[in-house]
Each structure stands twice: as structure tokens, then as C-alpha cells.
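S.K.: The following block contains the structure, expressed as C-alpha cells.
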There are 4 protein chains.
Amino acid sequence: MENTLAFPAGRPRDFVAIGRLCIDLNANEINRPMEETMTFTKYVGGSPANICIGMSRLGHRAAFIGKIADDQMGRFIRSYLHDNGIDTAGVTTDRTGAVTGLAFTEIKSPEDCSILMYRDNAADLLLAPEEVDEGLIAESKALLVSGTALAKSPSREAVLLALRYARKHGTKVVFDIDYRPYTWTSPEETAVYYHLAAEKSDIIIGTREEFDMLERFDGNAAHSDEVTAAQWFGCHAELVIIKHGKDGSIAYARDGGSHRGAIFPAKIVKTFGAGDSYAAGFLHGLMQGWSVARSMEYGSAAASIVISSHSCSDAMPTAEQVDAYIETSQHA
Amino acid sequence: MENTLAFPAGRPRDFVAIGRLCIDLNANEINRPMEETMTFTKYVGGSPANICIGMSRLGHRAAFIGKIADDQMGRFIRSYLHDNGIDTAGVTTDRTGAVTGLAFTEIKSPEDCSILMYRDNAADLLLAPEEVDEGLIAESKALLVSGTALAKSPSREAVLLALRYARKHGTKVVFDIDYRPYTWTSPEETAVYYHLAAEKSDIIIGTREEFDMLERFDGNAAHSDEVTAAQWFGCHAELVIIKHGKDGSIAYARDGGSHRGAIFPAKIVKTFGAGDSYAAGFLHGLMQGWSVARSMEYGSAAASIVISSHSCSDAMPTAEQVDAYIETSQHA
Amino acid sequence: MENTLAFPAGRPRDFVAIGRLCIDLNANEINRPMEETMTFTKYVGGSPANICIGMSRLGHRAAFIGKIADDQMGRFIRSYLHDNGIDTAGVTTDRTGAVTGLAFTEIKSPEDCSILMYRDNAADLLLAPEEVDEGLIAESKALLVSGTALAKSPSREAVLLALRYARKHGTKVVFDIDYRPYTWTSPEETAVYYHLAAEKSDIIIGTREEFDMLERFDGNAAHSDEVTAAQWFGCHAELVIIKHGKDGSIAYARDGGSHRGAIFPAKIVKTFGAGDSYAAGFLHGLMQGWSVARSMEYGSAAASIVISSHSCSDAMPTAEQVDAYIETSQHA
Amino acid sequence: MENTLAFPAGRPRDFVAIGRLCIDLNANEINRPMEETMTFTKYVGGSPANICIGMSRLGHRAAFIGKIADDQMGRFIRSYLHDNGIDTAGVTTDRTGAVTGLAFTEIKSPEDCSILMYRDNAADLLLAPEEVDEGLIAESKALLVSGTALAKSPSREAVLLALRYARKHGTKVVFDIDYRPYTWTSPEETAVYYHLAAEKSDIIIGTREEFDMLERFDGNAAHSDEVTAAQWFGCHAELVIIKHGKDGSIAYARDGGSHRGAIFPAKIVKTFGAGDSYAAGFLHGLMQGWSVARSMEYGSAAASIVISSHSCSDAMPTAEQVDAYIETSQHA
């Protein structure tokens, strides 16, 4: 199964992400309920932020389009992105008193992790369409859209406009469904907007459950991966990746091929961030022109590195780290 | 300029409209400010309701998809539609205490008319996507979408889903932009959703100002009708009608043709309802297989009848009335 | 039972009311469901507005503190009050796009009347505390507070501040409970604010059901009028009037006396406005120094006049009309 | 200046507090901007919670009336209160998905401390009037009301009802103004509700700025402490304490006396919690029957202990600690 995806050549930027920027507060004392955790460590968080950091660590020229609160947390986010080599010119600052979204992690065991979210009045959801920089999208090879940014206006309209700009300029759209029930009003609303985003995307990544959400009004009662993939090839999609947790992922290509990728063994600390590092590693591979299979393997290795660490964003690996991990695993 | 629009054949229904159902309260004492108007007469109102009533009067099998309040006004609307031969199975009743939208008309002079709107907590904007009957759309030749129904959730999502159903089943989509600033949060939000609807439409009807609203992020600084039309021919549009008030309308066809239609002389009472009766008359012509020019003339005649009457919905003419009006005008 | 209520002497104004200003749209075709009513006549409405108009018609120097929409309905209200001799300097105009509250009346029969209310985004509920003119209250003998104005912020705070000003200046407070479920969040919320207003009132007027609402957290499980009255005599109340519909009203005085007033026979058109005209007639009597009994009779006569008319505000009688009515009734 | 305050005798409980329960996240790395703080320690917070914990540590039988989120933070709060000997039967659990209020502390220097608040959708503000346990108030000697609980409905109504219950049962009301701009809609709204609470209070504690807020509609342009105190002695107040920061506090008694208390020297870590520990120490003294002066000194000593510690709630001292502190200070 070849990688037939042709990213536009000769652009000054490889990657731009749009959506959530927030703070993770990770439990320092783990393997216990959060009630008994007394201290937390602060990290930049949010799925598109993690992927963007991952891409930058892997050597890509990356930028972000988003909105931060006018507070200490917001300023920390901007400077962390900047320190990681990400262009933050497209990150605007809220002036209405919105706050930074928070995610407290609870790690009862490697298999029993949960998140306590603070999403009320979150600054990232206030990104407005007129704040989306068309130029940043036009000069990038790929735009990553995170589904949570569609959960509420005006961020929803900002993303819908970003999708339009990407199609207008031939920028490849990567849609990471990233469904989280917070903020959405109803599953029906979710289905409508996920569908609109998927219609305009070149690569769609999600779990089986996320695709079910998106297909709420489409039939596919059997939850067939093939039916799912076929639907989007009728629009703009070239690759559809459906994740099945511990059973690995399946990639479908427009030309009919499919590939099932396995996961690497890892000493799991927590499962958070696995999907984000997978996405960064996979996209890195595609941008290198590697086969879909090799790109998936690279994503899996990156995911294994992150889930064996305490953080998500801060643990995103460099290419050297992923290469070393793959080599070590092959000799184990 | 031929009518190349092929409405799907063999369907049990000609026409289904989705969107606003409200009450017009028309001033009985006119040619004065509303402060001095003491009595009002009640009519069914709302642009898509008017067009649907017009289509039914012109002999088409019509249905409506919408939501009414659980009150006397809502019940009046349902029974008026029913009495006019419109299928109301797709009209649901709100149970949350929403009210019926109102429009008080002020007629200071035939040239100086305005509307005082009550749109807070309006039942029609509570139509939810899961309440949209796919079957009604699948069995109709055309779906009329009114832009005001995109102004607020969940009606917005209901319309976006209806558009998807229409494209899935090959039902022709007629998009009447019908911009009204009430309810919308910002012009940017309006632009995003109007654009999404226009992308999925076969026929788009609006004033020059309405197209400018829709094209906010698209360039076209010169407000060129040709540029406007061309943009939509790149999507699904086959006909784009741009209205220029007293200067008549211009229709552009995908094949490159265009036709400028004139307006009929009329003894104007008020200008309300002109666009709705025009739309009904024009669509009637297209469905008869008439040329675009003849259809536009028919729409203009229907419009002239309505603006010389006190009401909108109640004045929607039958085919006999329009024919008679055209004949009389030609001999005048 | 004497009238021991000492209104402050030597003030330039007799009466100021605070609260709801709205529009009644009264069915012209009556004795049928509203679905079949086709025309409506416009009147100024709202309980405190009606009482204020009544007081002015009965010869008192009256003023109003309230807020109107910046539209034709708002301007009609201001000019109608002004034309009825009421000082409107305390009536401010909303600039946020709020609308005028509406009340459509349905008169199925004299015994079966109902109201369809439009209270969303109503301008009268936007009266803010800083807009309450302390001077108007200081220079008036009595302040009438309508309970519906407590239903929502900031009107709620405006009324609470007006009550404080009245107590500070020795202006007698008349509290007309006027409970309407629209707008209130819960019966518990209603009970809390009604209680706060009653604590600061000199005269409290309400139906048995309204006093039950107010006493939700106070015991009085037997719904005893005596227990009700006694509670408020422990605060500032001097007169408590409990209305029992067709069974007439009972007035309790702080000194222990009570009087049961009867209602006049009337050819009833509708029951709306009975309470408002009763309140105006009763207060007129008290201000004349009449006994409580005579004041109640005068209120009843005024009520009978209004319920035999089509409107509320517009039917508020002059002293001559009430005198004539009483005389006619006594000879009948 | 004697302590003439007669707390009701023979009650099974000394103290019940109503209002905010939240989480403090205190910077572990201090003397720097929060942007550079990487870890935070979790404590129970909220002014009335701190005072209640302080009272319990000082040996009083204490209870709390409030509302917690149905999450890990809420459960931590309940168990911490319980472990500190506080009765939590009056603490209800939200079921609507509200979150626990958060306060991140920033300690740039002992003199430059600030708080980043998360108050959107906070569970404590959802306490409803019907959830206020009249019995708990009836059986306590004193009720502490924190002003922030008046900032939003339904907590606002819950507090207003609690005040009514306290007056009904002769429970002494201590009103800690505790003004924080978050959540309040306007200074005018604040002034109205603070005034209503102060009218029903026996002891009122606040800074000069807080009393100015409360007196917004009352004149006192000179910000005179004497005028402030006199106003409340006209209602129910027996003691009014006005805090002037580093200049110490002044207590005014209804009988005309006043006492200025000094502050203890302390090695300040941060200023948070000073007012809460002061309040606990001062009330402890009053309940012991000590003079106002001695009670104020005791409050100051308790405050000094807290500001030299990292936390607020967790640093609330026992009587032994305060006694030792006073003794050490006197010999220093």
C-alpha cells in the first residue's frame, strides 16, 4: 500500500494546527484516586497542541492558529510553543476574561486513567473566523483540524472557515476527530459538524467509536470500517485511519488498499497522549514520502514513547528518539 | 437562455420547504407610524411559509418541515397550512415553552415599510436535526431552504442535515438567502453558514447585498454579479438569481447564459412579500419546464399581486390570478 | 375599622409606581379561542401601569419608574402615559435591543380568559438600580411595587433599592404581589424575593394563592389569613388585603381589626384588570382618608367598571364614573 | 470596650458557615510569576471554609452548609471537612455537572500575591434555598455568611433564606463581606445584596473598600468609619469591624465604644488567608466572652500564623498554637 498523497511542494511551512490550547495538570502521586493526589505538575495540553509540538520536535516547520486567555496560563502556553520552535503569530489573546481550559489527570493504574476537565468559558473556543490567518494556511503543506474545536461557536465557524481556506489553496487537511463529550450540546449536533469537516478532509483519523458518532445520520448500522472509508473517498479523502485501541489501527486508501498496523510493546504509565504522538509520527512518515505501513509503525513507536512518560506534550519525541526506540524494540 | 434544470421525475411530491413559521401582525391603519396604529390583523408569515403557500396555490403538492409553539399561534399556523393543502406531518410542536415568532408591520408609505420582529425564544429555531424527516426530502422534487433558519442552533444543524439529505437523494436545493440581522451573532458567522448552504444548492436566490454577506471571506471586492455566479457554478449551482430591487433581477445559468428580468408595474401597498411570491412564481415556471425568462416574468407578476395586497401569505395568487394579471398588464 | 394609615403630608406627588410596562393585544372577536381571533387592538398594559393610570384618572399626581424598548411600542407607551397626566421622567429607554413585553388576551367566555405572554428579552426587566430616581420616591406619598418586577435581574435589584429608598424617606410602600409564573426560575426563588419585599411594605395586597407562594418557607400550613396578616404586622405592614376572588376580599389592620368587602355585580366581558382597578380605587379611598370599608367598596366599584369593558388601562375610570356606578348600583 | 454580645445559650452547636467551598492550588515554587511555577499543591479553600476549619481547630462544634461538585475535588473537600471535625450533613452534592471552583495562587513576593480564579459553573453557587437546613441554623449559636455566596443565583437566595432563618431563631449572624469581583454582574448589584445581608447581621466584618462597595447608594462620601458603623447599629448590628490592612482594624460597638487593634509582626510568606484566620480567632474570643480588644488580639495572632505558612485552610491554628504564638511574641 503506497503513499500516494502529494503534499503541495515548495511551501515555506510544513504544518499548521488549529484548535485547542490548554493546560494539563498531571498528578504527581499516581496509581491512586485523584482525591489522594496532593500535587500536580503543569504542562501545555490539548490534542492539536500536542501534535504540533510533536511535529516540531520531529523537525517540521510548524505553526498554530488558536486563542489563549489573557492570564499566566495563556502566557505560559505561548512561550512554551515558541520555545519549541512553533510560530505563534496565529495565536490571538482573548480580552473578554475567558480562562485557560484545564485537564487534571487521574491515574489509578495504567489501565484506569481519567480526566477532570475545566472547559467552561475556555479561551480556545473563542477563536473567531476573522482571526483565522488565511496566509498561514496557504503557505503550509498540511492543516491539522481537531474535532473538539468544532464543539462551540465561534471556534466552530473559525474551523469551518479554515477548512475552506485549505481547500481553496490545496493545503492537505488532516482531520483528527478527537471527540470529547464536554461542550457539545448533543450527539446530533456533533454528527452534523464532524460530517462537514470530514467532507473537506484529505486524511481522517479516529477511533471506531468516533466514526460511529460522525455517521449517526448515515446508516452503516454494522459499523463497517470499509463502509466508513468508502463514504469519505466519495468526498476528498485519500486516507482514512480507524483506530481500534489495543488491536491497532487500520488505514484505508482511496485506491482500495488497506493496512493494519500493530502497536509496540511499552511500559505504560498512562494512556493519555498516545493518539497525539501517533498522529505526529504518522504524519511525519507521510511527509517523508514513506509507505503508509512504515508511517504507521513510526506513529506507533512515537505513541509508545509518550505513554511510558509522565506528560504528553513534554514527552513528544524527536526523530532520534523514535529511531532509537524502533531499533531497540526490533532487537528486544 | 434555456431551462436545463432537470427536477427528478416520478416523485410523489413537488416541493418541501424548511425553516421559519411565524405570525405577521399587519397594521390595519396604514400610511402612518406604528405608534398610531391601533389594530393589527393576524396572518401566517415567514419567508419559507409564504413560498410554500404560494407553491400550493399554484397547484404543487407541497410539504413543510418546521417547528411551532405549543400555543394558540402555533395551532393557527398548522391549521392554516393544512387548509392550504400543505402536508404538515414534518411540522413538530415544541414542548419547552418557546413562543411563536412575530412580525409587526409598519407601513408609513408604500416606499417606507419596516418590521418589528419578536424572535427571542422562537419555536421555529428549535427544530432539531433528528426531527428532519429524510423521507419527505427524498420524495420531493425540490427542497427550499431559507437562510434565516441557519441563524441559530439547533435549527442551523437541522438545515445543514436537510441539505445533506437533499444531495444524497438528488432533490434539487433552492436556497433563498433571506438575510435578516436578528438572531445572528455576527456577519462573520452568517458568512460561514450561508457559504456552506450555497455550496450544496442548485438554485441560489438573493439580493446583491445578501450575496455580499455570503462572500465576506471570498474577495469579489467589486461586487460583480458574474464573479458571484461563477463561484457557485464551481459547486453544485445551476442557476444563480441576483435581485437588484427596482432594477429587476438577473439570472445566471451554469452554461454561461444570463437573463435580466423586469418588474411589473403595480399599485404598491407595501413591499413585504414581494420576494416570496417572486420565488414561488419563478419556481413554478421552472417546474413547468418554461424558459428562465418566462419563469422570471411569472415570478414578477406574482410579486406584483402580493405587493398590492394587505397580507403576504394570504395574498399568494393562484395560477389563474397570475395568468389574468399578466394578460391585463400586457393589454394595459 | 378605621383607616389609621398616615400618608406623609406636604409632598408634591401622590403616587409613584415601579415595574412592568407592556402592551396588551386584546382580541377583537371574543368568546372564541384565540386561534379564531383574527384582529387585535393595542393598549398599554402591565399591572403597575394600569394602577398608575387608574390613580391619575382618579385625580392623583402620579409618576412611573420603569424601562421601555427603543421601538414603536415603547414610544406608544411613553406617550400614552404622558397623555394620561403621568410624569414619565423616571421611565428610561433601553438601548440593548430589548423588546416590549406583550400580552395577547384570549376571551373564550367571561369565565374562561387567558393570556399568551411574550416576556423574553422584555425591556421592563432591564431597569437597573442606578436608574431608580430616589428623588421621585422621596417626593411621593406612596410607592407601588409590582411583584413581577422582582422576577429577574436587574429589575429585581432596582425594586429592592426602590424599597430601601421608600423606607428611608417615609414613603408608604404598597406591595401588589401580582404573581405570574413567567420569568421566575423557581417557586423558591419567588418566595425569597416576595418575602423581602413584604418585609418592607406598609400595605400588602394579594390573593390567597399569592400569599401561599410568599410564605413557602414560613409554615402556615393551614393557609390562615390571620396568620398571614400577623406575620407582616411584625414587620412594617399596617394593612394586609387578601383577595378571595368571587368571595370578595378581607382587609386586616395592624390594630387587630378586619373587614370583608363584597364585590359589585357586573356584566362581565373579561376578568383581566379587575385587580388593578380595585387597587387604584382602594388606594384612592385610603388617600382620601376614608375608612377601609369605604375604600374597599370604591375599589370594587372601579373593578366592576373595568371588567365590563374591552380594555384594562383604557377603561380605568375617573372618580365621576365610579361615583355614578356606585349610585346606580345602590338604586338597582 | 466590653463584649456585650450574648450568643444564645444551651445550643448543641457553636458555629455554622454557609457559602463557598473550593480548591486552592498553591504554587510550590514561589517568589516568581506563575508562568514559571511548574507544580501546585491542592488544599481546601474558600473564605467560609477556612473560617469554619479555623473554628473547629480552636475547639468549636462546627458545621457547614454548601454544595460540592460530584467529582474528585468535591469528594476531597467533603472528606477534609469531615476529618477536621466539621459536620457536613448540610453539604449537598451537585448533579448537574458543575465543577469545583479553583484558586491558583501566584506569589511573586510576600507583598505581591494574586489569585487566578476559576468560578464558571462552580458547584458552590448552585446551593438552592430548599437545600438550606433550617435545623442546623436553629441549633447553632452563630451563622457565618460569606458575601461571595451572594454573587449569583440560586446561592444568593439560599443565603438570603439562611439569614431569615437565623433571625427567626435568634442565631447570631456574622457577615464577612469578602468581596471578589468575579461572578458579580455589576457594583450596583453587589451593593444591593450586601446591604440586604448587612441589615440582618449582628457582626459585620470588612475592609474599608468593602464597606464602600456596600454603601454605594447610601451617601457617606467621606468614607467615614463612624458613619458606616452607625448605619448598621440602626438595624441589628452590635459590632462592626472595619479592616485597614497594615494599619490594623477598628471595632465599633452599638453602645458607642470603639477599639483599634494592631497586627502582630510576622515572617510573611503570603497574605492569603489572613482575614479568614483573623475572623476565626476573633469569633473564638467573642464566644469565650473575652473583651473585644482581647478577641481582636487573638484574631491578629491567628492571622500571623497563617500568613507565615504555605497554605490557608491547612495552616489554621489550634488554640495551643495561638497561645504559644502570643506568648512568644510578647517575650520577643
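S.K.: Which of the GluC sites (Glu not before Pro) found in the range B:77-143 are in a DSSP loop and have at most 16 neighbouring Cβ atoms, other than their own, within 10 Å?
M.R.: B:E111
S.K.: If you consider only alpha-carbon coordinates, what radius of gyration and Dmax does the protein assembly as shown have, in Å?
M.R.: Calculated on Cα positions, Rg and Dmax stand at 35.4, 116 Å.
S.K.: Once the dipole of the range B:66-139 is set up with Lys and Arg at +1 and Asp and Glu at -1 on Cβ about the Cα centre, which of B:A128, B:I107, B:T88 lies farthest towards its positive end?
M.R.: Projecting each Cα onto the dipole axis, the largest value belongs to B:I107.
S.K.: Taking 0.36 nm per residue of separation and subtracting the Cα-Cα distance, what length does fully extending A:K246 through A:H331 add?
M.R.: Full-extension gain reported as 28.4 nm.
S.K.: For the range A:11-101, which GluC sites (Glu not before Pro) are in a loop by DSSP, counting at most 12 other Cβ atoms within 10 Å?
M.R.: Sites meeting the loop and neighbour criteria: A:E29.
S.K.: So what's the back-of-envelope 222 nm ellipticity for chain B, counting only DSSP H runs of four-plus at -39500 (n - 2.57) apiece and dividing by all residues, rounded to 500?
M.R.: Calculated at 222 nm, the ellipticity per residue is -10500 deg cm²/dmol.
S.K.: Can you pull the one-decimal nm distance between simple spin-label points at C:K108 and B:T271, each 7 Å off the Cα toward Cβ?
M.R.: About 4.4 nm, to one decimal.
S.K.: Another question, if that's okay. Efficiency by 1/(1 + (r/R0)^6): what FRET value for D:I115 and A:A324, r their Cβ-Cβ distance, R0 = 45 Å, to the nearest 0.05?
M.R.: 0.55
S.K.: Sticking with this structure for a sec: Sum up the charges of everything whose Cβ sits under 12 Å from the Cβ of D:M296, counting Lys and Arg as +1 and Asp and Glu as -1, but leave D:M296 out.
M.R.: Residues near D:M296 contribute +2 overall.
S.K.: Now, a different point. Amide H to amide H under 5 Å from A:K270: which residues, 5+ apart in sequence or cross-chain, H placed 1.01 Å off N in plane?
M.R.: Amide H neighbours of A:K270: A:S309.
S.K.: For chain A, calculate the relative contact order in percent as a whole number, restricting contacts to Cα pairs under 8 Å that are 6 or more residues apart.
M.R.: Relative CO of chain A lands at 18 percent.
S.K.: Is the range D:260-332 best put as rounded, prolate or oblate by its Cα gyration tensor, with a ≥ b ≥ c the root eigenvalues, rounded for a/c under 1.5, and otherwise prolate when a/b is larger than b/c, oblate when not?
M.R.: prolate
S.K.: Quick check on the protein assembly as shown: of the DSSP beta bridges with both residues there, what percent are antiparallel, nearest 5%?
M.R.: 40
S.K.: From the backbone phi of the range D:123-137, what are the Karplus-calculated ³J(HN,Hα) couplings (6.51 cos²θ - 1.76 cosθ + 1.60, θ = phi - 60°) in whole Hz, Gly and Pro given as x?
M.R.: Karplus values, whole Hz, x for Gly and Pro: 4, 4, 7, 9, 4, 9, x, 5, 8, 7, 7, 4, x, 4, 6.
S.K.: Restricting things to alpha carbons, tell me how big the range C:245-302 is in terms of Rg and Dmax, in Å.
M.R.: My reading of the Cα-based Rg and Dmax gives 11.5, 38 Å.
S.K.: Grab the beta carbon distance between A:C235 and B:D255, set R0 = 30 Å, and tell me the FRET efficiency rounded to 0.05.
M.R.: For A:C235 and B:D255, the calculated efficiency is 0.70.
S.K.: Continuing with this model, one more query. Under a plain spin-label model, where a point goes 7 Å from the Cα along Cα-to-Cβ, how far apart in nm are B:E226 and C:R11?
M.R.: 7.6
S.K.: Between C:D218 and B:R32, with labels modelled 7 Å along Cα→Cβ, what's the label distance in nm to one decimal, could you check?
M.R.: Modelled inter-label distance: 4.8 nm.
S.K.: Once amide H atoms are built 1.01 Å from N in the peptide plane, which residues 5 or more positions from C:L144, or in another chain, come under 5 Å H to H?
M.R.: The answer is C:V16, C:A17, C:I18, C:V174.
S.K.: About the Cα centre, and with charges only on the beta carbon of Lys, Arg (+1) and Asp, Glu (-1), how big is the dipole of chain D? Nearest 20 debye, please.
M.R.: With Lys and Arg at +1 and Asp and Glu at -1, about 440 debye.
S.K.: Can you check what the net charge comes to around D:T100, using other residues whose Cβ is under 13 Å from the Cβ of D:T100 (Lys, Arg +1; Asp, Glu -1)?
M.R.: -2
S.K.: If I histogram all Cα-Cα distances within chain C using bins 10 Å wide from 0, what percent of pairs lands in each bin?
M.R.: Going from the shortest bin to the longest, the percentages are 6, 28, 37, 24, 5, 0.
S.K.: If you restrict to DSSP beta bridges whose two residues both lie in chain A, what percentage is antiparallel, to the nearest 5?
M.R.: If we restrict to bridges inside chain A, about 40 percent are antiparallel.
S.K.: In nm to one decimal, list the spacings between the A:G170 label point and its equivalents in the other copies, with label points set 7 Å along Cα to Cβ, shortest first.
M.R.: 3.4, 8.8, 8.9
S.K.: Taking a ≥ b ≥ c as the square roots of the Cα gyration tensor eigenvalues, with a/c under 1.5 meaning rounded and otherwise prolate when a/b beats b/c, else oblate, which class fits the range A:71-125?
M.R.: oblate
S.K.: For the range A:87-212, compute the number of Lys pairs whose alpha carbons are separated by less than 28 Å, excluding pairs fewer than 8 positions apart on the same chain.
M.R.: Step by step, the pairs that qualify in the range A:87-212 add up to 9.
S.K.: Mind checking which aspartates and glutamates have their Cα closer than 13 Å to the Cα of A:K246? Skip sequence neighbours fewer than 8 apart in that chain.
M.R.: Within the straight-line limit of under 13 Å, A:K246 reaches these aspartates and glutamates: A:E111.
S.K.: Pairs of Cα atoms under 8 Å, at least six residues apart: use those to get the relative contact order of the range D:215-275, whole percent.
M.R.: Once normalised by length, the contact order is 20 percent.
S.K.: State the volume of the convex hull built on the alpha-carbon positions of the range C:1-152, expressed per residue in Å³ and rounded to an integer.
M.R.: In the range C:1-152, the Cα hull volume divided by residue count equals 144 Å³.
Since every read-out is calculated from the coordinates, none of them should be taken as a lab result. What you are looking at is a predicted structure, and each value in this text was computed from that prediction instead of being measured. Backbone-built Cβ (ideal geometry, glycine too); neighbour counts: all protein chains shown.
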